[in-house]
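Worksheet: the structure to be examined is printed underneath.
The values are calculated or read from the model by the stated rules, or taken from the named source; none is laboratory data. Computed from a predicted structure; not experimentally measured. Backbone-built Cβ (ideal geometry, glycine too); neighbour counts: all protein chains shown. Areas reflect the complete protein model, heavy atoms only, side chains present, ligands, DNA and RNA absent. Shrake-Rupley method; radii C 1.70, N 1.55, O 1.52, S 1.80 Å.
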Amino acid sequence: MTTSTCKVWGCSRPIDNAKYGTYCKRHREANLHNGHPMFKPPALSKRYASYNQELTKAFHGGKQWYSEADLTHYEKAFGGLLDEAEKLEALSPYRRLGDLPVRAQLLYLLKASVEAVGRHVTMKQWLCIYLAAWFKKDLFPNRKTLAIFVCRKSLVRLINMPQHITRTGKKRRYRLNANRALKMLDILEPIFELSHVPINNVALWHRYYTYKLNLSNIQKRVMREKHEKNPFHAKQLNRIKTIKSLERKYLGG
């Protein structure tokens with residue numbers, strides 16, 4: 001017996017495409033975009049409810065690790081990919097990036113990243129995000145969600161996603177969905193694994209991660225103790241920061 005409602009537990013919306021689909025419109029779009037109908041990518045900022053402390057500290061520890069690790073093999077391989085990307089000709093504004101092969105899409109995105117932030121930051125961002133996500137891979141229900149997290153966090157806010165002009169004259173932005181991200185990760189993963197060729201890199205990465213995590217836990221404990229003594233400590237701290245910011249901005253102090 002077939003059902004006419006979405007297969008996600010607790011969802012009673014009708015199936016969007018009864019012939020081929022099993023999700024409602026909302027969960028079908030979420031599954032296509034994020035790789036899982038109920039997955040919400042973890043955040044690296046405390047401002048968001050999906051913030052994950054261990055993932056964030058793994059990322060920040062990795063950025064400090066990057067400057068000391070021996071990454072000759074990784075930089076040579078990734079540098080070759082960036083050289084290939086920089087040789088590409090600019091796309092016509094009427095050409096849709098999503099129509100190209102996935103490898104070409106990846107190269108155009110890397111080219112935009114190099115033009116925006118440079119080669120060093122591009123290589124550093126991709127590797128640090130991947131190692132942090134792989135270390136906390138239990139947060140991701142499947143490989144698609146891991147891929148979408150790595151690709152989006154390595155590109156979003158570093159570059160402006162490419163746009164194309166449609167036949168009606170409207171502008172449409174390129175969408176990095178789960179299927180595209182998965183194929184991109186399959187291309188990049190062998191390059192990322194070269195960062196572990198020198199065996200000391202693994203121990204050094206865990207050392208920086210542990211340091212960042214312990215420091216964060218100490219700061220949380222100190223803040224909690226201060227809040228227990230003075231419930232308005234956080235408000236007073238924000239007020240002091242605001243006053244100092246205004247002094248620097250308007251008084252040059």
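Miscellaneous remarks
- Scanning segment 61-79 for residues that are more than 12 Å from Lys124 (Cβ to Cβ), open to solvent by 40 Å² or more (accessible area, probe 1.4 Å) and not in a loop (DSSP other than H, G, I, E, B) gives Thr72, His73, Lys76.
- Selected residue [open to solvent by 30 Å² or more (accessible area, probe 1.4 Å), under 28 Å from Ser45 (Cα atoms) and modelled with pLDDT under 95] from Pro93, Pro141: Pro141
- Some residue of segment 110-122 being of a type outside the set (A, V, I, L, M, F, W, C), part of a loop (DSSP other than H, G, I, E, B) and farther than 27 Å from Arg172 by Cβ: yes
- Some residue of segment 161-175 being closer than 23 Å to His120 by Cβ and touching a helix residue (DSSP H, G or I) at 6+ places or on another chain (Cβ under 8 Å): yes
- Of all residues in segment 106-121, those that are surrounded by fewer than 21 Cβ atoms within 10 Å (Cβ to Cβ) have Cβ atoms under 8 Å from Cβ atoms of residues that are part of a helix (DSSP H, G or I) and among the β-branched types (Val, Ile, Thr), 6 or more apart or on another chain, in Val114/Thr122.
- Any chance Ser67 is more than 28 Å from Gln105 (Cα to Cα), small (Gly, Ala, Ser) and out of contact with any strand residue (DSSP E or B) (no Cβ under 6 Å at 6 or more places or on another chain): yes
- Test for Arg157: is it more than 21 Å from Leu109 (Cβ to Cβ) and open to solvent by 70 Å² or more (accessible area, probe 1.4 Å): no
- Candidates Arg167, Arg175: the one that is under 30 Å from Ala90 (Cβ atoms), in contact (Cβ under 8 Å) with a residue 24 or more places away in the chain, open to solvent by 70 Å² or more (accessible area, probe 1.4 Å) and not in a helix (DSSP H, G or I) is Arg175.
- Ala234 within 30 Å of Cys151 (Cβ to Cβ) and either aliphatic (A, V, I, L, M) or free of Cβ contacts under 8 Å to residues at least 24 places away in the same chain (or both): no
- Test: residue in segment 40-47 that is at pLDDT below 95, surrounded by 14 or more Cβ atoms within 10 Å (Cβ to Cβ) and not in a loop (DSSP other than H, G, I, E, B): yes
- Scoring Glu193 on the criteria (1) assigned to a helix (DSSP H, G or I); (2) in contact with a Cys (Cβ under 7 Å, 6 or more places away or on another chain) leaves a single failure, condition (2).
- Selection within segment 95-105: residues that are without any contact (Cβ under 8 Å) to a residue 60 or more places away in the chain and part of a helix (DSSP H, G or I). The member of this set that is farthest from Lys76 (Cα to Cα) is Asp99.
- Residue match in segment 29-50 (condition: polar (S, T, N, Q) and more than 24 Å from Arg175 (Cβ to Cβ)): no
- Of the residues making up segment 235-253, those that are open to solvent by less than 100 Å² (accessible area, probe 1.4 Å) and among the hydroxyl-bearing types (Ser, Thr, Tyr) are Thr242, Ser245.
- Matching entry among Ala30, Ala58 (being under 24 Å from Phe149 (Cβ atoms) and modelled with pLDDT of 80 or more): Ala58
- When residues in segment 197-234 are screened for being assigned to a helix (DSSP H, G or I), open to solvent by 100 Å² or more (accessible area, probe 1.4 Å) and either touching a Lys or Arg at 6+ places or on another chain (Cβ under 7 Å) or within 28 Å of His73 (Cα to Cα) (or both), 3 of them pass.
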